[in-house]
1. Of the residues that make up the stretch 183-203, is at least one farther than 30 Å from Lys297 by Cβ and free of Cβ contacts under 8 Å to residues at least 12 places away in the same chain?
2. State yes or no: is Pro98 touching a residue at least 40 places away in the same chain (Cβ under 8 Å), out of contact with any His (no Cβ under 7 Å at 6 or more places or on another chain), under 28 Å from Gln131 (Cβ atoms) and of a type outside the set (S, T, N, Q)?
3. Would you be able to tell me the number of residues in the stretch 176-198 that are hydroxyl-bearing (Ser, Thr, Tyr) and surrounded by fewer than 18 Cβ atoms within 10 Å (Cβ to Cβ)?
4. If you scan the stretch 211-231, which residues turn out to be surrounded by fewer than 19 Cβ atoms within 10 Å (Cβ to Cβ), assigned to a helix (DSSP H, G or I) and in contact with a strand residue (DSSP E or B) (Cβ under 6 Å, 6 or more places away or on another chain)?
5. So which of Thr40, Thr4, Thr30, Thr9 ends up being closer than 25 Å to Phe177 by Cβ, modelled with pLDDT of 95 or more and out of contact with any His (no Cβ under 7 Å at 6 or more places or on another chain)?
6. From Ile166, Ile173, Ile201, grab the single residue that is crowded, with 19+ Cβ neighbours inside 10 Å and within 20 Å of Pro98 (Cα to Cα).
7. If I ask for residues that are in contact with a Ser or Thr (Cβ under 6 Å, 6 or more places away or on another chain), under 20 Å from Val213 (Cβ atoms) and part of a helix (DSSP H, G or I), which ones from the stretch 1-26 would you list?
8. Would you be able to say whether some residue in the stretch 233-254 is assigned to a strand (DSSP E or B), touching a strand residue (DSSP E or B) at 6+ places or on another chain (Cβ under 8 Å) and surrounded by fewer than 20 Cβ atoms within 10 Å (Cβ to Cβ)?
Amino acid sequence: MNKTITIATRESALALWQSRYVASIIEAKTPYKTKLLPMTTEGDQRLEVTLNKIGGKGLFLKELEQSMIAGDADIAVHSMKDVPANLPEDFQICAVFPRADESDAVVSNHFNDLYELPAGSVVGTSSLRRQAQVLSLRPDLKIQPLRGNVNTRLQKLDDGQYAAIILASAGLIRLGFEDRIKTRLTTPDWLPAVSQGAVGIECLKTNQGLANVLAELTDERTWQCIRAERALNSKLNGSCSVAIGAHATYHLDDTIALKAGVFSPDGQQAITSRQQGYDPIELGEYVANELLAQGAKEILALGAAEA
């Protein structure tokens with residue numbers, strides 16, 4: 001076997017880091033060589049509006065998926081938090097790598113955490129989940145949209161457009177910006193996005209031979225946790241138009257613990273559930289049903305209406 005795998009990837013610095021990381025593992029642990037096919041997606045181009053108004057995070061995948069259908073690429077590498085709860089039927093996730101830091105980070109040039117911010121301070125994020133949780137802690141703050149790659153977002157902060165911004169810790173660490181993190185927002189008081197911190201490979205179901213080889217690279221404990229979170233998200237019809245947070249952890253007795261929450265955009269309504277089990281799909285759906293029983297559908301409708 002002497003085939004070169006072409007990896008479709010977004011052109012941002014973080015996406016390229018992730019793709020090179022995956023490429024290095026493929027070349028070290030399989031007979032394949034790799035090459036990257038950087039692409040600009042619609043989600044990268046349309047920075048003037050928030051994702052929830054133009055179709056969601058799936059806009060980061062569409063062009064990459066089309067390149068696989070056209071035969072220009074064999075696989076695509078994604079941050080798993082950007083992968084919609086339900087993939088197009090022709091595609092599958094064929095490998096997931098060890099999860100990195102799943103927390104969110106407060107980044108500010110003048111304040112150490114959310115509680116130091118003066119009333120009325122502007123916080124930058126385009127995530128309804130982050131917005132809701134910030135406002136639940138500090139309803140006196142103002143949320144303003146923040147789009148663009150990591151470097152662009154940091155530059156907007158440095159230009160004085162925001163008192164603080166909220167970013168994923170993993171992205172900052174991967175790009176060498178860990179020193180910009182003032183405070184990590186962590187469970188149980190704060191819930192990350194579904195699958196945050198994990199990197200995965202998407203491929204066509206018709207490319208099953210390659211998928212089987214790449215599946216051997218999967219970090220099984222991470223994958224079981226991601227499956228639980230994604231099952232929950234699918235049951236709740238989750239997207240970036242609603243505020244859902246979830247975090248699963250794998251325990252020594254081979255059980256998975258899953259905590260999840262649903263939040264109203266203004267942060268005034270929040271419901272959570274935590275359960276533990278062996279089967280990730282059953283666990284995710286069970287927690288989703290518990291949230292629905294507590295009124296999640298009505299709260300999620302508020303987010304959809306705001307979008």
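1. no
2. No, not satisfied.
3. 2
4. Ala215, Arg221
5. The unique qualifying residue is Thr9.
6. Answer to the selection: Ile201.
7. Ser19, Ala23, Ile26
8. Yes, that holds for at least one residue.
The values are calculated or read from the model by the stated rules, or taken from the named source; none is laboratory data. Please read all numbers here as calculations on a predicted model, not as lab measurements. With ideal geometry, Cβ positions are generated from the backbone for all residues, glycine too; neighbour counts draw on all protein chains shown.
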